[in-house]
Amino acid sequence: MNIVFVNSTKSWGGIKTWMVELGQFLAQRGHQITVVCRRKNPLIDTCERRGLPCVPIHFGFDFSPATITWFYRFFRAQQTKVAVTNVSKDLCTAGVAAKLCGITHINRLGNTRDLKNTLKSRLMYNALVDCVVVPSHNLLEHFSTYDFLRGKLHMFHNAITPLPFKLRQNHIVKFAVVAKLSQRKQVDKILQTFQRLQDLPWELHIGGFGPEFDTLQTLTQTLNLTSCVHFAGRVDPYEFLQDKDVGILYSRYEAFGYAILEYLNMSCAVIASNVGGIPEILDHGVSGLLVDPFRLDDLEQAVRLLICDPQQREMLARNGHERVCSQFNQQAIFAQIEAEIQRMLAEKNPNVNIALHALH
């Protein structure tokens, strides 16, 4: 199959990680994969490192005739069978072209705020989208209330390639935050919590970039935490987490929380907000600690526990690692997505025989 992933977003997020990981998996299974994104986008370098063809373009305005024409010609030239899109602008350009070409169009929604129940949305999803993929039961339940999505929704958890468990031997507990630094991630609240813990030894390492980056650095100085809080900017999560003990995700809301999978896969104990799809990943007190995102006392108590109790920290890390490797394994979950794509193609083109054995 020739599959094109389209992403017009400017900043990095879980959807781009998902597209790259799934694209690489499908390429290894023998499919032809291409990624289309904005110019000067971090997705370009990531695709290059992963060996995925990437075409940067100027998307222009919604329903741009020039962009729709470009995608129409591109899909025809590539003999594209499937287009995978993300946000509204993707639908307004690549989605329209996919419809004109008669190819299968899969849209991926990663957050409740990705789609509003408006007349425009109803018209677009009824006319342009064949399948909607979400990463959690929480999102599946939310979007099932939208009548125009019923019959199109499919849930596939985000997934990772399992790594061996590695027990940390740090003298001082190293905490990590990997996130787009926006208000939703509440990194300012994390800093305020650690300011209360200056009676204990710890380090906090923040990996990521975003609109709150400068504000958070200023807050760190104001709280007199510069000696133990370190900002790394944009990072490769797996490189960044090599020596970290605990990962924190303290979002106000989170449809799934891809960073949690990365923390667990890198053998970190995890503290996360008890919101959205996060409880689908973590069993409180067994594979991680769930806290109220609006009660700093909860976060403080969890951090104190993992600083002062190394046995509890190791137990959570081991259990979390075992859970993510068994329940969120890419080989199993991505194979299910591949099978669903092939089923949709066979259903849309009943006279076309998709020879699965020839791809393996």
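The values are calculated or read from the model by the stated rules, or taken from the named source; none is laboratory data. Keep in mind that what you see is a predicted model, and the values were worked out from it rather than measured. Positions of Cβ are generated from backbone atoms using ideal geometry, with glycine treated the same way; all protein chains shown enter the neighbour counts. Keep in mind that these areas ignore ligands, DNA and RNA; they rest on the heavy atoms of the full protein, side chains included. Shrake-Rupley method; radii C 1.70, N 1.55, O 1.52, S 1.80 Å.
FRET efficiency for the pair Asp309 and Arg49, taken as 1/(1 + (r/R0)^6) with r the Cβ-Cβ distance and R0 = 56 Å, rounds to 0.90.
Extension gain for Thr215-Ala335 works out to 39.0 nm (0.36 nm per residue, less the C-alpha to C-alpha distance). Rounded to the nearest 20 debye, the dipole size of region 140-272 about its Cα centre is 180 debye, using +1 on the Cβ of Lys and Arg and -1 on the Cβ of Asp and Glu. Less than 5 angstrom separates the built amide H of Ile57 from those of Cys37, Arg38, Arg39, all sequence-distant by 5 or more or on a different chain. With a simple spin-label model that places each label point 7 Å from the Cα along the Cα-to-Cβ direction, the separation between Gln32 and Thr222 comes to 5.5 nm.
Could you size up the charge dipole of the chain around its Cα centre, putting +1 on the beta carbon of Lys and Arg and -1 on that of Asp and Glu, and report it in debye to the nearest 20?
Here the size comes out at about 1280 debye.
Plugging the Kirkwood radius over Cα pairs into Stokes-Einstein for the chain, at a temperature of 25 °C and a viscosity of 0.890 mPa s, what D comes out in µm²/s? Approximately 114 µm²/s, per Stokes-Einstein.
Within the full protein context, the accessible area of Glu141 is estimated at about 140 Å² for a probe radius of 1.4 Å. Under a 5 Å amide H cut-off, with hydrogens placed 1.01 Å from N, Leu153 pairs with Val132 among residues at least 5 apart or on other chains. When the Cα positions of Pro162, Leu91, Leu191 are compared along the charge dipole of region 66-192, Leu191 comes out farthest toward the positive end, with charges on each C-beta of Lys, Arg, Asp and Glu.
Taking every alpha-carbon pair within region 128-223, the share separated by more than 15 Å comes to 74 percent. Working from label points 7 Å from Cα in the Cα-to-Cβ sense, the Ile57 to Arg150 distance is 3.5 nm.
May I ask you to list the chymotrypsin sites (Phe, Trp or Tyr not before Pro) in region 1-86 that are in a DSSP loop and have at most 15 other Cβ atoms within 10 Å of their Cβ? Walk me through the intermediate numbers first.
Values: sites: Phe5, Trp12, Trp18, Phe25, Phe59, Phe61, Phe63, Trp70, Phe71, Tyr72, Phe74, Phe75; in loops: Trp12, Phe59, Phe61, Phe63.
Of the chymotrypsin sites (Phe, Trp or Tyr not before Pro), the ones in loops of region 1-86 whose Cβ has at most 15 other Cβ atoms within 10 Å are Phe61, Phe63.
Give the calculated FRET efficiency between Ala77 and Asp199 to the nearest 0.05, with a Förster radius of 56 Å applied to their Cβ-Cβ distance. Rounded to the nearest 0.05, the efficiency is 0.30. Projecting the Cα atoms of Pro211, Cys131, His171 onto the dipole axis of the chain, where Lys and Arg carry +1 and Asp and Glu carry -1 at the beta carbon, places Cys131 farthest toward the positive end. Dipole magnitude for region 42-142: computed about the Cα centre from +1 point charges on Lys and Arg Cβ and -1 point charges on Asp and Glu Cβ, it is near 160 debye.
Accessible surface area normalised per residue over region 106-233 is 47 Å², counting heavy atoms of protein chains with a 1.4 Å rolling probe.
Take the Cβ atoms of Glu347 and Leu123, set R0 to 25 Å, and the FRET efficiency comes out at 0.60. Relative to the globular-protein estimate of 2.2 N^0.38 Å, the Cα radius of gyration of region 186-244 stands at 1.11.
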